[in-house]
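Working notes for the structure below.
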Amino acid sequence: MLYIRSIIFILGYFTATVLYGTLSLLLFPLPVRIRHKIIITWTTVIIYMLRFVCGVKFEIIGKENLSKVSGPMVVLAKHQSTWETLYLQSLFWPASTVLKRELLRLPFFGWGLRALLPIAIDRSNPRDALRQVKSKGINRLQTYGYNVILFPEGTRMKAGERGKYARSGADIAIDANVPVVPVAVNSGYCWPSGSYWKYPGTISLVIGEPIEVTDKHSKVVTAEVENWIESTMETLLINQAKTEAK
């Protein structure tokens, strides 16, 4: 049953992607924020399709912390699967996400991404990529009033693993003088990286309190983010173990 549900979800995922990718081409004459609002409903469709087809539910903890920020913010999140790349787009709308430039070249999927005003970078040139992330990130915050979403570990990590946290997100927040909001999520247990199969369960997404960056070095801010995310991940792991033991 697990495999059948996963295959049904995959078929639904690609069908929705084709439809929304085609729709995005028709919406390009519209203002950025309007077409963004329409296309972003694709992520909601996928998240709830995953819930009803595969039994992957989710809970949001700490959502009240978002009311403590009155303007744009930099969101630095744990990255374990595709799930958070989708859900964070709607949770923090309007937002621009840092992603690989190659994704924009994919038929349908890439077309939809372009309509979401992403920050696409060329990872083959790390130094230039850092400059792009910083300049475009500040542009999205100050010119468009968008939030900026980054995954400081740079890539998806398997559940229980920890990567090296980059300072680019903190650099953007400091230069734009906006707060950083850390996010922890344990999606890798239900939607493992590199796996076609989706496992039923409840994904926990935890939103931390905003971290002010005034008069702070990016190294200090990044350390605060890393400490909060990783300690929260340990708590989620303990809670999950207790739930499974019942």
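Looking only at the range 89-126, residues that are part of a helix (DSSP H, G or I), of a type outside the set (S, T, Y) and closer than 17 Å to N147 by Cβ come to 3 in all. Restricting attention to the range 28-44, the residues that are crowded, with 18+ Cβ neighbours inside 10 Å and assigned to a helix (DSSP H, G or I) total 5.
Within the range 173-211, the set of residues being closer than 24 Å to Y48 by Cα and of a type in the set (A, V, I, L, M, F, W, C) comprises V183, A184, V185, C190, W191, W197, I203, L205, V206, I207.
Any chance you could count how many residues in the range 127-159 are in contact with a Phe, Trp or Tyr (Cβ under 8 Å, 6 or more places away or on another chain) and either part of a loop (DSSP other than H, G, I, E, B) or not charged (D, E, K, R) (or both)? Residues meeting the conditions: 5. Restricting attention to the range 61-75, the residues that are assigned to a loop (DSSP other than H, G, I, E, B) and either under 16 Å from the mean Cα position of the chain (by Cα) or touching a residue at least 40 places away in the same chain (Cβ under 8 Å) (or both) total 5. Scanning the range 154-206 for residues that are in contact with a Cys (Cβ under 7 Å, 6 or more places away or on another chain) and among the hydroxyl-bearing types (S, T, Y) turns up just one, Y199.
No other residue among T232, T214 is under 18 Å from P72 (Cα atoms) and either assigned to a helix (DSSP H, G or I) or out of contact with any Gly (no Cβ under 6 Å at 6 or more places or on another chain) (or both) apart from T214. For the range 22-30, the criterion of being in contact (Cβ under 8 Å) with a residue 24 or more places away in the chain and within 27 Å of S204 (Cβ to Cβ) is satisfied by no residue at all.
Values in this text are rule-based calculations from the coordinates and carry no lab data. Bear in mind that the values here come from a model prediction, so they are computed numbers and not experimental data. Note that we place each Cβ from the backbone using ideal geometry, even for glycine, and neighbour counts take in every protein chain shown.
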